[in-house]
Structures are given as C-alpha cells and as structure tokens.
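Below is one structure; the comments refer to it alone.
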2 protein chains.
Amino acid sequence: MTTTSDSAVREFIAEHRPAFLDDLADWLRIPSVSADPGRAGEVRRSAEWLADKLRSTGFPVAEVWETENGGLPAVFAEWPSGDASAPTVLVYGHHDVQPAAREDGWDTDPFEPVVTDGRMFARGAADDKGQVFFHTLGLRAHLAATGRTAPAVNLKLLVEGEEESGSPNFAALIRKHADRLAADVVIISDTGMWSADTPTVCTGMRGLADCQIDLFGPSQDIHSGSFGGAVPNPATEAARLVAALHDADRRVAIPGFYDGVVELTEQERELFAELPFDDTEWLSVAKSRATLGEQGFSTLERIWARPTAEVNGIWGGYTGPGGKTIIPAEAHLKLSFRLVAGQDVEKVRQAVAAWVTAQLPAGIRHEIVFPGATRPCLTPLDHPALQSVVRAMGRAFEQKIRFTREGGSGPAADLQDVLGAPVLFLGISVPSDGWHSVNEKVELDLLAKGVETSAYLWGDLAEHWNAAD
Amino acid sequence: MTTTSDSAVREFIAEHRPAFLDDLADWLRIPSVSADPGRAGEVRRSAEWLADKLRSTGFPVAEVWETENGGLPAVFAEWPSGDASAPTVLVYGHHDVQPAAREDGWDTDPFEPVVTDGRMFARGAADDKGQVFFHTLGLRAHLAATGRTAPAVNLKLLVEGEEESGSPNFAALIRKHADRLAADVVIISDTGMWSADTPTVCTGMRGLADCQIDLFGPSQDIHSGSFGGAVPNPATEAARLVAALHDADRRVAIPGFYDGVVELTEQERELFAELPFDDTEWLSVAKSRATLGEQGFSTLERIWARPTAEVNGIWGGYTGPGGKTIIPAEAHLKLSFRLVAGQDVEKVRQAVAAWVTAQLPAGIRHEIVFPGATRPCLTPLDHPALQSVVRAMGRAFEQKIRFTREGGSGPAADLQDVLGAPVLFLGISVPSDGWHSVNEKVELDLLAKGVETSAYLWGDLAEHWNAAD
C-alpha cells in the first residue's frame with residue numbers, strides 16, 4: 001500500500017538523508033565504550049550530544065539522566081502529542097558501544113565512520129546508534145508529511161548508556177523514573193531483521209535464570225583406591241544432575257519446569273517455517289557440527305520459543321596433566337535456563353531447587369544460588385501495536401513482514417515488568433552487520449527503511465490504538 | 001600350635017630385640033625421601049646401609065641396583081637354600097619414605113626415632129623400613145631355631161627406592177633383572193593388618209586403568225541465548241557420559257566391563273563379614289557422610305573385591321565468579337577404573353572406548369587416552385603359599401588369621417606379571433600407624449610378631465611347597 005503520504009515521507013527522507021548521515025557520523029565519532037572506565041567521559045559526551053540533537057529535533061524535553069552507583073548516563077526525551085486520546089509510546093535504545101580498536105582487525109578506524117558501497121562502517125553503526133537515530137529523522141518526516149506540530153502519539157525516548165556492560169543500573173533507573181516513563185507500549189530499537197530480503201519483526205525474547213550448584217562429598221579429596229566404589233563422588237553426582245536435566249527426548253525433565261509455557265500457535269509455527277532457513281547454514285553460524293534439541297521442534301522453534309537448560313560450566317576434582325586417583329571433595333555446576341512467556345522465574349527457581357534436592361543421594365551436601373534472572377517477553381501476533389509496526393514496516397519495505405523471536409535475553413523484560421506495558425521490537429539491522437565484531441556497519445538503504453517505518457508508525461498507532469481498546 | 005621350635009624362636013627374638021631396634025633406628029635416621037631431589041643422596045645412603053646390613057645378616061649377595069633415567073637405587077639380596085628342591089621366594093619392600101618435617105605437626109623429629117609406650121615413632125617406621133627390617137631378624141631366628149646355615153627357601157629380597165614417588169622405574173628394573181629375580185612366590189611386606197586384635201593377611205589388590213576423555217562441541221564458546229537448546233553442549237555430554245557410567249543399582253553400565261571378573265566366593269564373603277567392621281566408623285576414616293555403591297555388596301566387598309568407575313576430574317566452560325551464558329566449546333573428563341582379578345586391562349580399555357563412542361550424539365567429537373594401568377592381583381585362599389603365611393602368622397599371633405584385600409593398586413602386579421609368580425602380602429602395620437601422615441609409628445610388639453612370622457615362614461613354605469606340587 002503506497003499512499004500520497006508515503007511519497008511525501010520518501011521525498012522528505014531523501015532530501016534530508018545526507019545531513020542525517022553526517023549527524024550520525026558525528027555521533028559515531030564519539031567512542032562511547034561503556035566497558036572502558038577510561039572512556040566514561042566519552043559516554044557522557046555521547047549522552048549530551050544526543051540530548052542536544054533531540055532538542056534540535058523538536059523534543060521539548062531532553063535530559064541526561066544519571067544512574068546509580070556512579071554509573072553511566074542515559075538520555076530521556078519526551079514530546080507530548082497534544083491529542084488527549086493519543087497513546088504513549090516509549091522508544092528504547094542505547095548510546096554506548098562495544099569496545100573496538102583498529103588492531104582488532106578493523107579495515108578502518110572504528111570511530112571514524114566510512115561510507116562504502118551503501119554501507120556506513122563504524123562501531124555503533126548498527127548496535128545501536130544507527131537504530132536509535134533513525135527515529136529522529138522518522139519523526140521529522142512524520143511531522144512534515146502530516147503537517148502536525150507534535151507527534152501523533154505521546155513520544156518518549158530512553159537511550160541507555162550501559163547496555164553493552166550488562167545494564168547494571170537499568171532496572172533501578174526505570175523503577176526510579178517509572179512515572180515519567182509510563183507508556184502504553186514500549187518499542188525496542190536494538191534488534192535486527194532476518195535479512196535485507198526478508199524484513200521481520202521480533203515478537204519476543206527468551207528470559208534467563210541462572211544458578212550455581214555446589215556439591216560437597218568427602219571433607220577432603222580421598223583416595224579412590226581405598227574408598228572408591230563405596231561412597232558418593234560429588235563429581236559423579238554433579239554429572240548425574242546434568243544428565244537428569246533432560247529426558248531421552250531432550251526435554252527438560254525438571255518437574256514443573258514447563259508449567260505455564262505459552263506454546264507456539266499453529267500460525268506461528270507456519271510463519272517460522274516460511275522463513276528461508278537452512279540448518280546447515282545455521283550450523284556454520286553456530287560453529288557446531290550438528291543440531292540437537294527438544295524432539296518435535298525445529299531449530300528456530302528450539303532457539304526462539306522453547307525453554308532450555310544449559311550447562312555453562314562444570315568443574316570438580318583434578319584437572320591438571322596426568323592422573324590423580326581421588327574422589328574429589330567438591331564439584332560445581334553453573335546452569336542457565338532460558339525461559340519463555342508464561343514461565344515464572346520464581347517458580348522455575350523453586351522447581352530447580354526442589355529437583356536438585358530430590359536428585360542427590362545421601363552423603364552429598366549441596367548449596368544452590370540463583371544470582372540473577374531476566375523475564376521472558378512475548379507480544380501476541382494479534383496485538384494492535386504489533387499490527388501497527390507490521391503495517392508501518394510493510395509500507396516502508398513494500399513487502400510481507402514476517403515474524404521472528406530472539407533466543408537471547410535482554411532488558412526489554414525490565415521495561416515490560418516495571419512499566420506494565422507490552423514490548424515490541426523494531427530493528428532494521430541484518431546478521432551481517434557485525435555486532436560486537438570487527439567492521440560493524442549499517443546498510444544505508446535499510447537505515448532509510450527504518451526512518452520510513454518510524455515516520456509511518458506513530459500515525460498508524462494513534463489511529464488503531466483507540467479502535468482496539 | 002606352640003612348639004619347642006616356637007619357644008626357641010621367641011627366645012632368640014627376645015634376646016636380639018634391643019639390638020634389632022637400635023639398628024632399625026639407625027636406618028630410620030636416614031631421611032630417604034624419594035620425592036625430594038635434594039635428598040637423593042640420603043636415598044642412596046639408605047640403600048647402601050641396607051645392603052651392608054643384609055651382608056652382615058649373612059646374605060652372600062647384597063647389591064645396590066641402579067634404576068634407569070637416573071632414578072633412585074634399589075637393593076637386591078639373595079641367599080640360596082642349598083636344598084635342591086627348595087622353592088624360591090622374593091620378598092618385596094621399599095626403603096624410601098614419604099616427606100616429613102617437624103613443622104607438619106609431628107610431636108618429635110620424624111628422622112630421630114623415639115620409643116614411647118611400646119611404639120617407635122619415625123617416618124618409615126611402618127612404611128616401610130620396619131616391615132622390611134623384620135625379615136632380617138626373622139631370618140636369623142629361623143636359622144638359629146633350625147640349626148640351618150642357609151634358609152629353608154632360596155630367599156631373595158628386592159627393596160625399592162622410589163615407591164613413594166610412584167615407582168616410575170620399577171617395571172623396567174624388574175624386567176631388566178627378571179632372571180635374577182625369578183621366584184616361585186612373591187611376598188610383599190608393604191601392607192598392614194586389620195588391627196592389632198585382628199591379624200589378617202591381604203590376598204589381593206585392585207588394578208587400575210585411567211583415562212582422559214576430551215569432548216569438543218562448537219569450535220568456540222557460543223552464546224547460550226542465540227544457540228541454546230539447538231546444538232549439543234559438550235559439558236552436558238560429558239556429564240551424560242558420567243551419569244551413564246552406572247546403572248540405577250550403581251553397577252558399572254559399560255557393556256563388557258565385568259567380563260571375566262572373579263566373583264567373591266561364599267567363603268570369602270563369610271570371612272569378610274566376620275571382620276569387626278562398622279560402616280559409621282569407616283565413614284569417619286573416609287571423611288564421608290554416607291556409603292553408596294554397587295547394590296548387593298557390603299562396603300568391604302565394594303572396596304576390596306568389586307571393580308569401580310570413578311570420576312577423578314571434570315571440567316568445561318566457565319568456572320569463574322558470576323555467570324557466563326555460553327555453550328562451551330570443550331569439556332573434559334578424567335576417569336579411573338579399579339579392576340579386580342579376571343579383568344583384562346586391554347579389554348576394559350576397548351570396552352570403555354567403544355562405549356564412549358556409542359554414547360555421544362552427532363556433533364560431539366571426542367578423543368580418549370589411557371595413560372597408564374596397573375593389573376589387579378589376587379591369590380586364592382587355598383593357595384599353598386598363602387596357607388603357609390597363614391600358618392606362620394597363626395603361630396606368631398596365636399590366634400585365627402583372617403583375610404583382607406587392598407582397594408588400592410600397587411607395583412605388586414608388576415612383580416606378578418613379569419615374574420609370573422603369585423603375590424602374597426605379609427604386613428604387621430595397623431591403620432593407626434600414620435602412613436603418609438604425621439607421627440608415623442610402628443607397634444613394637446607387632447613388629448616382633450612380624451619377625452616371628454618371618455622366622456616360621458620359610459620352613460613352612462619349604463615343607464608344604466613340594467607337597468602341594
């Protein structure tokens with residue numbers, strides 16, 4: 001569906017694209033590496049640069065927000081619609097970047113953007129400055145094409161400065177400012193699409209609960225000749241726990257683990273199956289030799305929509321050269337559980353703890369700690385805001401928009417939980433963009449599609465939000 | 001059965017006991033710590049001291065034997081019987097000792113023997129100088145009581161200097177000198193008895209085969225969010241291997257593992273059950289909280305007479321503080337298998353290797369190495385030489401002699417294999433003697449019983465050996 005409005009949007013974007021890219025390049029020159037304490041000043045400069053830019057874009061409110069514990073600053077901006085019935089949308093992104101140095105193998109200086117063959121190369125080009133920045137021109141195109149002086153929705157932006165360092169102060173930040181961040185829907189612009197040819201919307205991320213289990217057997221390492229075969233070995237029991245995590249069908253065997261799991265709908269399974277996916281190609285990305293997982297599910301279903309139990313680390317006993325005939329005193333496990341919508345972190349923890357206790361034989365003492373967790377999030381395909389994103393992308397890309405999910409876990413769930421709002425994902429990055437790697441880049445035509453999607457989205461959301469209420 | 005001959009032996013021993021203990025103390029003053037390169041000279045001095053002592057005891061041949069690779073010397077001595085039909089006996093012991101220092105917590109200088117309450121405290125008092133040395137006075141008592149000028153058997157002694165360092169050159173040494181060491185029976189005096197009240201003869205030791213298994217999954221650590229649940233995890237597979245080692249009855253589940261196992265006879269089980277054994281007391285020695293092992297067997301049966309599979313070490317993935325959401329590229333296992341009589345090391349290795357291959361899923365590559373092995377050894381209860389040891393001990397201790405086995409593994413099997421002779425164990429040490437620990441001691445009355453047993457043994461062996469042929 002191409003409308004007169006769409007033509008106007010495109011013309012506006014084409015006209016302003018060179019200046020927009022110059023501005024983005026300026027921002028990318030600021031090496032806002034949050035992991036490097038020596039660049040804390042650059043992260044602050046990046047926040048101030050963005051706040052200035054948002055003010056010049058028209059946002060009446062654009063503030064640098066400090067985080068707790070001397071953390072790195074975020075940027076908050078707000079532009080009320082003026083329409084009493086307008087929904088409120090919070091856009092999330094981050095302005096900090098991964099470390100990068102020419103010596104890592106970059107073809108060009110990672111903090112001196114270079115445009116070649118329609119691509120801008122720089123650290124942060126795709127993750128995430130480019131994807132935050134497309135909203136600025138998108139918003140101006142929206143205003144220009146509609147003749148409005150304020151957005152069709154109450155627009156808020158929250159652009160974090162510690163995402164690449166694990167967002168240590170993010171949950172506290174949004175709890176502190178929950179009133180000002182209040183929104184009907186959250187749009188995360190920090191993800192990507194299936195490919196340039198197959199534009200997609202991500203509808204959810206898995207959650208994560210991790211734990212460490214420490215098993216204690218003999219009070220010190222004992223001789224495996226004198227005692228072997230007659231007392232429990234904590235390394236054996238750690239291994240037996242891991243083996244018991246999955247049944248013969250590689251389903252997680254912890255009683256209660258799947259309680260509440262939102263199962264894939266037939267529609268979702270069909271849509272996933274339509275994606276141009278090939279296990280062999282995927283294995284090369286996964287650097288693995290074979291697929292293996294829960295019986296009855298495809299690889300995409302396994303990584304996007306099924307909860308998992310993985311061993312991240314295991315250790316116990318003698319690990320040096322040669323042999324040592326001991327029964328070790330201790331063994332240790334680091335496990336993590338990817339969670340999907342409907343699973344409750346606390347209930348999963350309780351199920352894991354009870355299961356561990358039930359599995360271990362007499363004579364093995366254990367301790368279990370659950371250091372952290374991230375909740376899963378999922379937006380149903382028929383959610384009105386998701387439909388708006390799909391329509392806006394469809395207009396920009398002029399083709400069918402498909403759906404993906406994200407197997408990893410992110411701060412999206414904090415926003416969902418604290419703000420009580422559904423979370424959507426709008427990103428135009430593609431897998432070849434080199435996130436966290438050398439020669440990170442953004443495809444300029446896709447960046448322009450992101451601008452265009454953003455330009456269509458607010459009007460569509462405002463139009464359909466109340467209808468759906 | 002106390003005979004006139006027994007009285008003569010006892011009188012001889014009582015008369016020579018003070019000088020015998022003075023001599024032993026002299027030997028114990030030599031800190032022959034084989035693990036300490038700085039004390040290599042002391043180990044050599046210990047060997048020369050012993051060779052001198054054996055010559056003065058009457059051995060026509062007493063030599064210091066060099067070992068390969070610049071190893072520490074052993075002592076060989078030989079005294080032919082002169083009787084054409086006499087059997088040949090090789091007594092094995094070692095003259096090196098474990099490290100010891102006053103600062104480790106000893107009440108007295110470990111290399112300055114102190115006699116208190118009928119015990120001599122010094123490093124090596126029980127392990128193994130005291131138990132080698134009782135043969136010298138025993139032999140003299142044998143000669144004195146029988147009026148012989150040479151032993152009733154062709155007597156050979158081999159006293160190693162590297163036992164506490166793992167006997168690295170022992171197998172090569174005995175292969176090199178196999179002709180001179182040739183014997184009809186080997187008597188190891190480097191073990192102990194159940195207790196001072198319950199004298200016992202050890203009838204066998206378990207063998208040992210160890211292996212390291214390296215599992216390889218992704219070519220590098222990969223993200224457990226992006227890929228978790230869809231590719232094999234080598235840490236999981238390592239754990240599943242370990243868990244599959246045993247069935248629900250804690251029997252080793254590797255096909256073929258039990259092939260050839262010499263099962264306990266009803267007589268042996270009854271005799272083991274008569275020993276004053278208490279699981280709770282044993283657990284305090286094992287520093288463990290509960291017993292656990294193969295169903296259908298007692299603790300003593302499990303550690304003495306049943307083969308085992310133990311994990312000595314397991315490692316893979318992230319083992320530092322906090323969490324790391326990875327699927328590790330590698331995981332590793334160190335396993336050891338205790339073997340019993342009838343099991344063949346090579347067949348066990350083949351069974352393990354085949355089983356590992358069969359267990360692992362597609363996508364996990366593995367390597368397996370078997371660095372070393374020690375064969376099991378076992379002497380049947382009705383073996384004539386064992387009967388001689390039991391009779392000799394019975395005369396010395398004047399009570400019923402019971403049977404034990406040793407759960408550990410030792411160079412006994414090398415002697416058995418290279419010399420093709422049955423191996424017996426004659427030791428008078430008790431569990432409280434503090435082997436490898438502080439305040440090692442030997443009970444002087446038990447030491448005298450060792451002397452007396454040795455005095456009776458050669459005549460009994462000579463008398464019954466040919467009858468049994």
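Values quoted throughout were computed directly from the atomic coordinates according to the rules given, and no laboratory measurement underlies them. This one's a predicted model, so the numbers in the text were calculated from it and none came from an experiment. Note: ideal-geometry Cβ built from the backbone for every residue, glycine included; neighbour counts use all protein chains shown.
Shape class of chain A from the Cα gyration tensor (axes a ≥ b ≥ c, square roots of the eigenvalues): prolate, since a/c reaches 1.5 or more and a/b is larger than b/c. With all pairs of separate Cα atoms included, region B:341-469 yields a Kirkwood hydrodynamic radius of 18.3 Å.
Computed from the Cβ-Cβ distance with R0 of 56 Å, the FRET efficiency linking B:Val438 to A:Asp445 stands at 0.10. Taking the Kirkwood radius as Rh and the Cα radius of gyration as Rg, region A:253-337 has a ratio of Rg/Rh equal to 1.13.
Convex hull volume per residue, computed on the Cα atoms of region A:1-47, equals 88 Å³.
In whole Å, how far is the Cα centre of region A:1-59 from that of region B:229-307? Taking the Cα centre of region B:229-307 as reference, the centre of region A:1-59 is 67 Å away.
Report, for chain B, the % of DSSP beta bridges that are antiparallel, rounded to 5. Here the antiparallel bridges make up roughly 70 percent for chain B.
The modelled label-to-label distance between B:Gln387 and B:Arg269, using points 7 Å beyond Cα along the C-beta direction, is 2.5 nm.
Helix content alone sets the calculated 222 nm mean residue ellipticity of chain A: runs of n ≥ 4 DSSP H residues at -39500 (n - 2.57) each, divided across all residues, give -11500 deg cm²/dmol. The label point for B:Thr116 and the one for B:Ala19, both projected 7 Å from the Cα toward the Cβ, are 3.0 nm apart.
The antiparallel fraction among DSSP beta bridges confined to the protein assembly as shown stands at about 70%.
For the residue pairs B:Lys287/B:Lys400; A:Lys53/A:Lys156; B:Lys156/B:Lys176; A:Lys129/A:Lys176; A:Lys324/B:Lys156, the alpha carbons lie more than 21 Å apart in B:Lys287/B:Lys400; A:Lys129/A:Lys176; A:Lys324/B:Lys156. Taking the charge dipole of region B:355-408 about its Cα centre, with +1 at Lys and Arg Cβ atoms and -1 at Asp and Glu Cβ atoms, the residue from B:Ala358, B:Val390, B:Ala373 reaching farthest to the positive side is B:Val390. Distances between every pair of Cα atoms in region B:245-295, grouped in 5 Å steps from 0 to the bin holding the largest one, split as 4, 15, 14, 19, 22, 19, 6, 0 percent. The modelled label-to-label distance between A:Ser219 and A:Gln359, using points 7 Å beyond Cα along the C-beta direction, is 2.8 nm.
In a fully extended conformation the segment linking B:Glu463 and B:Ala101 would gain 125.7 nm over its present Cα-Cα distance, using 0.36 nm per residue.
Legend: calculated FRET efficiency, B:Asp83 to B:Lys176, from the Cβ-Cβ distance at R0 = 30 Å, rounded to 0.05, equals 0.60. Estimated at 0.36 nm per residue, the fully extended path between B:Ile368 and B:Asp417 surpasses their Cα-Cα distance by 15.0 nm. Plugging the Kirkwood radius over Cα pairs into Stokes-Einstein for the protein assembly as shown, at a temperature of 4 °C and a viscosity of 1.567 mPa s, what D comes out in µm²/s? D = 39 µm²/s.
Along each principal axis, taking the top coordinate minus the bottom one, the Cα set of region A:1-150 gives 49, 42, 23 Å in descending order. Stokes-Einstein diffusion of region A:134-286 at 4 °C, 1.567 mPa s viscosity, Kirkwood radius from Cα pairs, rounded to a whole number: 58 µm²/s. In degrees from 0 to 90, rounded to the nearest 10, what is the angle of the helix B:234-244 Cα long axis to the longest principal axis of chain B? The angle comes out near 50 degrees. Both numbers refer to the Cα atoms of region B:65-167; Rg and Dmax are 16.9, 54 Å. Find how many whole Å separate the alpha carbon centroid of region A:423-438 from the alpha carbon centroid of region B:93-145. Value for the Cα centre distance between the two parts: 74 Å.
The three principal axes of the Cα atoms in region A:311-368 give end-to-end lengths of 48, 26, 13 Å, sorted in falling order. Among the residues of A:320-326, the average count of other protein chain beta-carbon atoms within 10 Å of the residue beta-carbon is 6.
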